[in-house]
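First up is the structure itself, then whatever we jot down about it.
The values are calculated or read from the model by the stated rules, or taken from the named source; none is laboratory data. Here the structure is a predicted model, which is why all the values come from computation and not from measurement. Here the Cβ positions follow ideal geometry from the backbone for every residue, glycine too, while neighbour counts run over all protein chains shown.
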Amino acid sequence: MKLLRKPIEMVAWFDYEGNTTPVKFRITNEVQENTVIKINRIIKREMDKFAGNRMMKYTCESCVNGEIRLLELRYELDTCRWFLYKM
Amino acid sequence: MTLNKNNRIIMHIDVNSAYLSWQAVYELQQGSNRDLRNIPAVIGGSIADRRGIVLAKSIPAKPYGIKTGEVLWEARQKCPQLVVIPPNYQLYMKCSKALGELLKEHFPSIQRFSIDEFFLDYTGMEAHYGEAVETANKIKNRVKEELGFTVNIGIGNNKLTAKMAGELKKPDLVHTLWQHEIKDKMWPLSVGELFMVGRKTKKKLKELNIHTIGDLATTDIKLLQGKLKSFGRLIWAYANGIEDTPVYGENHVPMKGMGNSSTIKFDVEDRTTAYKILLSLTESVALRLRDANCCCSLVSVSVRNTDLLSYSHQRQLFSATNITNEIYKTVKELFDECWKGEKIRHLGVRIGELSSDQVTQLSLFDGKNQEKNRALDQVIDGLRDKYGKPSVIRGIFADGEIVPLLGGVGEEEYPMMSSIL
């Protein structure tokens, strides 16, 4: 996986217990083209509290351009923003 | 088991180069590939605003001779590839809170001593949680794992020895300084290392031929008292590891006074501008004073000129007040009395001798329109509270040259350094 840290637009599912599950996201490339990537499987989820800044980390599996890829998504709780952190 | 003062167990938790390591950890979390802790780096104010001093430094910056409190350009001269990062107080608050939360999970009584220092009482907890050193190591490692930064933990029989233990060797270590270890671990240190002994006291002690903490501890207390009054007794007790204040809970704030000061972007040469800045500072101080539901009966003004020479002037008020205009009037008088007409770099307003605002003694010589002024302050405070501080400002600041409420670091709850254990 390569470090990207790109802001993304996310469709996520919030359940009764307050768990957040990413469903699919949209990423824009340099020429303003959108790609929608669906999350097939969440392998690991953990809370990162480094420097007191809470971030949910998701290690997921997705199908990107016809191949299964591992990626890491991050959700920053204070700012409510999603990032494609690594792919 | 009876708990006497000598078998308390107190821990002191101190973040290693706090500002810098917090910034480093934050950058790493945000995906940066450099770790500020491993390169010569400092946190420093902005040079353009003339607040360019080193606030914190990384350990690799130490060999270059960079000191905390040094001017930035000097530090750059010593190390040209130095990385300078502006301070981010919001981040520091976040880190400090996260550390507090983590400690609260383990311990019932915690005192936040400053933004990066905590005291906690471990007395009587050994039976359940194991030896103090063991627990301290566990906590230290948990902080490192979860929050990403390193801390030093000092353990002793009181707050002073715990704090001194924490300073012994850094970073990421646990030290003890029990009563019987004081002679070996603390006494050989230079007297300047002792809590409360600063540059000035160190010089005075040097004149008395006191160089190490051990020298101080074995000096005749009468000599110190004669030279330094009650402060002499205090540092003598500290040098012997004597100190018995409890670990205060969250709500304990031994506030004796408050003040705001600011280094000004330009040199102030005329009285009108100086008044403006003093007014701006007074507004900040008076707002905080009323917020704490207090009145003050002592006002003090401090001036630092362009030669970095500081002096101050203070006066007892006839009756306690918390009205902005009344405090400002005294501030102006004090400034007129002490200013020698030279260029000013830094101004400060301080108030002391606080008392509750619930009961105040009226006097025949109270200023006119007190009730009106009080009501006015109340309305302005209300507006500022509801719509933000810049919502109501005095017309004199409308040109935007001077900030209407000067002072502070922009972070309301920021706990400042304290000399009271």
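Listed by position, the strands (runs of 3 or more DSSP E) inside the range B:94-163 whose residues that are at pLDDT 90 or above number at least 2 are B:117-121, B:151-156.
This table checks each residue for (1) under 18 Å from B:L28 (Cα atoms); (2) aliphatic (A, V, I, L, M).
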site: A:K2; (1), (2): yes, no
site: A:K24; (1), (2): no, no
site: A:T28; (1), (2): no, no
site: A:R54; (1), (2): yes, no
site: A:L84; (1), (2): yes, yes
site: A:M87; (1), (2): yes, yes
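Looking only at the range B:310-317, decide whether some residue is in a helix (DSSP H, G or I), at pLDDT 90 or above, touching a Lys or Arg at 6+ places or on another chain (Cβ under 9 Å) and among the aromatic types (F, W, Y). Outline the logic, then answer.
Of the range B:310-317, the ones in a helix (DSSP H, G or I) are none.
Checked against the condition, which is being in a helix (DSSP H, G or I), at pLDDT 90 or above, touching a Lys or Arg at 6+ places or on another chain (Cβ under 9 Å) and among the aromatic types (F, W, Y), the range B:310-317 yields no hits at all.
Report, ordered by the first and then the second residue, all pairs with beta carbons closer than 9 Å, sequence separation of six or more or different chains, a first member in the range B:179-190 that is buried (at least 16 other Cβ atoms within 10 Å of the Cβ), and a second member that is assigned to a strand (DSSP E or B) and aliphatic (A, V, I, L, M). If the second residue must be assigned to a strand (DSSP E or B) and aliphatic (A, V, I, L, M), the pairs left are B:K185/B:L177; B:M186/B:L177. Looking at the range B:143-157 only, could you name the residues that are surrounded by fewer than 21 Cβ atoms within 10 Å (Cβ to Cβ) and more than 11 Å from every other protein chain (Cβ to nearest Cβ)? Residue satisfying the conditions is B:T150 alone.
With respect to B:V71, is the statement that it is aliphatic (A, V, I, L, M) and touching a Ser or Thr at 6+ places or on another chain (Cβ under 9 Å) true? Considered against the rule, which asks whether it is aliphatic (A, V, I, L, M) and touching a Ser or Thr at 6+ places or on another chain (Cβ under 9 Å), B:V71 comes out as no.
Within the range B:265-286, residues that are touching a residue at least 40 places away in the same chain (Cβ under 8 Å) have Cβ atoms under 6 Å from residues that are among the small types (G, A, S) and in a helix (DSSP H, G or I) in these pairs: B:V268/B:A274, counting only partners at least 6 apart in sequence or on another chain. Within the range B:326-349, the set of residues being buried (at least 17 other Cβ atoms within 10 Å of the Cβ) and over 19 Å from B:S261 (Cβ atoms) comprises B:E326 only.
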